[in-house]
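First up is the structure itself, then whatever we jot down about it.
The values are calculated or read from the model by the stated rules, or taken from the named source; none is laboratory data. Source: prediction; values computed, not measured. Backbone-built Cβ (ideal geometry, glycine too); neighbour counts: all protein chains shown. Only protein heavy atoms, including side chains, enter the accessible area calculation; ligands, DNA and RNA are left aside. Shrake-Rupley method; radii C 1.70, N 1.55, O 1.52, S 1.80 Å.
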Amino acid sequence: MPPRFASPDTAFPIRLPDGSAHPGTVFLSAVLQHARIEVGDYSYASAFDPPADPAGWAARLAPYLFDFSPERLVIGKFCQIADGATFITASAQHRHDGFSSFPFAIFDGGAAHARPSMPAPGQDTIIGNDVWIGQGARILPGARIGSGVIVGAGAVVGGAVPDYAVVIGNPGKVLRLRFDPETIARLLQLAWWTWPIDHILSHEAEICGADLPALESAAKLL
């Protein structure tokens, strides 16, 4: 009998040869209990030096996103987040349209709400499905990253990134699209990441081997 695929509520989904859990990779939906972060099933993060407490992954990935922050970080299903990737969310922003960017309001012990030195609430940061974010990448406040995107190691990415793009560099630029527009439209229509996990695993070869006609046939079996 083949081994059971790890449930999305498994904190440490990878097992080492001795049967112990690998602490450096977590399914994020199982370890994050943050009011402003939403993560889809099977999205994982990895680190060479993981937090001692799995709950620490929230601060590791989004260090400026607080429970009281107005913005959200939303990550889709089946995303892959490499070591050192960081989401710099809108609460890290400073007002920079005046003479000074210094946040006076946070140092005098009073309420920071609506103070002149504080910026207006920023946008949510949205990550699509099946997105691979490479080692040391930085995702800037309010980024909208489409499904199927690959973010290169060390890239600094903001703004809107189209589905199935490859983004590299600082500032991040779209190097190319992974597939032609017709194929991308058909993949988004299929949305294989919404299928039951057993059906996905049954068609792993077609998904990873880019057999689009076979995938479309598989979708009709649902």
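Hey, any hits in segment 93-112 for a residue that's over 13 Å from the mean Cα position of the chain (by Cα), within 21 Å of Asp130 (Cα to Cα), touching a residue at least 24 places away in the same chain (Cβ under 8 Å) and open to solvent by 80 Å² or more (accessible area, probe 1.4 Å)?
Step one: filter segment 93-112 for residues over 13 Å from the mean Cα position of the chain (by Cα), giving 93-112.
From what's left, within 21 Å of Asp130 (Cα to Cα): none.
No: zero hits.
Looking only at strands (runs of 3 or more DSSP E) that fall completely inside segment 116-222, which ones have 2 or more residues that are open to solvent by less than 20 Å² (accessible area, probe 1.4 Å) and at pLDDT 95 or above? I'd like the intermediate steps shown before the answer.
Values: elements: 125-127, 165-168, 173-177.
Here the list reads 125-127, 165-168.
Which residue pairs have Cβ atoms closer than 9 Å, lie 6 or more positions apart in sequence or on different chains, and pair a first residue in segment 19-37 that is on the phi > 0 side of the Ramachandran plot and open to solvent by 20 Å² or more (accessible area, probe 1.4 Å) with a second residue that is charged (D, E, K, R) and modelled with pLDDT of 95 or more?
none
State the number of residues belonging to segment 40-63 that are in a loop (DSSP other than H, G, I, E, B), at pLDDT 95 or above and surrounded by fewer than 21 Cβ atoms within 10 Å (Cβ to Cβ). Explain how you work it out, then say what you get.
Step one: list which residues in segment 40-63 are in a loop (DSSP other than H, G, I, E, B), which gives 40-43, 47-53, 62-63.
Now restrict to residues that are at pLDDT 95 or above: 40-43, 62-63.
Subsequent filtering for residues that are surrounded by fewer than 21 Cβ atoms within 10 Å (Cβ to Cβ) retains 40-41, 63.
Final tally of qualifying residues: 3.
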